[in-house]
1. Name the single residue that is nearest to Asp254 (Cα to Cα) among those in the range 264-282 being assigned to a helix (DSSP H, G or I) and of a type in the set (Lys, Arg).
2. Consider only pairs whose beta carbons are under 6 Å apart and that are at least six residues apart or on different chains; among these, list those whose first residue lies in the range 50-74 and is more than 18 Å from Phe91 (Cα to Cα) and in the same structural domain as Met14 (by TED's automatic domain parsing) and whose second residue is assigned to a helix (DSSP H, G or I) and of a type in the set (Val, Ile, Thr).
3. Keeping to the range 240-262, report how many residues are touching an Asp or Glu at 6+ places or on another chain (Cβ under 9 Å), of a type in the set (A, V, I, L, M, F, W, C), touching a residue at least 24 places away in the same chain (Cβ under 8 Å) and under 15 Å from Ser229 (Cβ atoms).
4. Looking only at the range 62-82, filter to residues that are touching a Gly at 6+ places or on another chain (Cβ under 7 Å) and not in a strand (DSSP E or B); which one of those is farthest from Ser160 (Cα to Cα)?
5. Could you list, in sequence order, all residues of the range 283-300 that are within 11 Å of Ile265 (Cα to Cα) and either at pLDDT below 75 or not in a helix (DSSP H, G or I) (or both)?
6. State whether the residues of the range 27-40 include one that is basic (Lys, Arg), touching a helix residue (DSSP H, G or I) at 6+ places or on another chain (Cβ under 9 Å) and assigned by TED's automatic domain parsing to the domain that holds Ser160.
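The values are calculated or read from the model by the stated rules, or taken from the named source; none is laboratory data. What you see is a predicted model, and the numbers here were worked out from it, not measured in a lab. FYI the Cβ positions are ideal-geometry reconstructions off the backbone, even for glycines, and counts take in every protein chain you see.
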Amino acid sequence: MIQDKPTVGVVVPMFNAERTIGSTLISICRQNYQALDIIVVDDGSTDECASIVASYAKKDHRIRLIANSNGGVANARNSGAASTSAEFLAFVDADDLWAPSKIALQLRALQEGGSSAGLAYCWFAHIDQDGRVFSLRHRPDAEGHVLQRLCRQNFVGNGSSLLVRRSAFERAGQFDPSLRARNAQGCEDLLMCLNIAETYEFRLVPQHLVGYRMTNLNMSSDVMQMLRSCEIVLAEFREKYPSFGRDFDAHLVDMIHWLATRAFIEGRFFAAGELLRRLFVTEPGVAISRLPNMLEEYCRARLVPRWLKMRVRRMRNDKSEFRPLYSELSW
């Protein structure tokens with residue numbers, strides 16, 4: 001390890017990720033900040049991903065592989081965090097990508113924030129199974145005391161986007177494995193962030209430093225399970241903060257819209273239709289107003305004719321470009 005620099009523990013929960021784990025590890029190992037303890041937690045995989053990790057570990061001795069019985073993402077992350085003494089912890093799913101400056105910039109933000117800053121997050125780009133960027137829309141600006149804003153919207157977005165102080169992680173109770181036991185795995189990241197936001201400030205690095213991969217194979221592609229998970233987490237915090245009731249209501253509407261969009265992109269049309277039906281019943285005006293956005297995201301994510309993409313962009317007066325590969329973004 002590099003001397004006189006705090007070590008960052010990087011925890012990678014992995015389950016049957018042979019198609020993507022290599023790219024994920026490359027993006028971690030290429031971080032500008034080199035003082036990393038990289039722990040890959042194999043959560044009972046049955047494919048060849050463990051042997052792939054072992055081959056990378058031979059080239060970079062910062063990588064360690066831990067084998068677990070299948071216990072879910074929260075348990076895997078907690079196991080990885082427990083296996084390192086690092087002062088700071090970062091988590092990245094085995095199909096996501098990091099920009100080279102991700103850890104360095106977030107660590108600087110946390111250190112400049114002092115002990116009151118418990119979590120730093122960044123923007124993320126949506127990428128497809130081939131690493132093509134189809135959306136750079138994620139651009140929140142929340143910093144400081146963000147609890148109510150987080151009750152209104154999950155602006156952090158995913159577990160691959162955050163860096164936390166170990167002290168904040170421990171005080172928040174780590175990741176909650178009980179969601180999996182309730183057949184509601186998926187919003188462990190949101191729950192962790194809410195728990196941290198009760199006590200600590202957040203810091204933001206306003207750059208797209210994470211490539212968040214959307215495929216029909218990762219955990220968040222089970223949109224109905226994700227919805228159950230979100231409902232459980234928001235209900236728990238609604239009991240603690242009843243004055244934020246409208247924020248929780250709006251958060252759930254946003255979640256239903258996002259999950260419906262995701263289901264369409266991944267070809268899960270029955271689930272998408274059910275989610276849209278629910279959205280039309282609860283918030284018909286919102287459902288209608290967001291249909292163009294949903295169509296645009298579908299066009300960006302899928303290989304559809306260029307003329308259709310251009311027509312949708314004209315509908316939205318959107319002049320943004322489609323960027324082919326996350327690795328080609330200029331950092």
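1. Among those residues, the one meeting the criterion is Arg278.
2. Final answer for the pair search is Ile52/Ile21.
3. Number satisfying all stated conditions: 2.
4. Ser69
5. In the first step, residues of the range 283-300 are kept if they are within 11 Å of Ile265 (Cα to Cα); the result is 294-300.
If the condition is that a residue be within 11 Å of Ile265 (Cα to Cα) and either at pLDDT below 75 or not in a helix (DSSP H, G or I) (or both), then Arg300 is the only one that fits.
6. no
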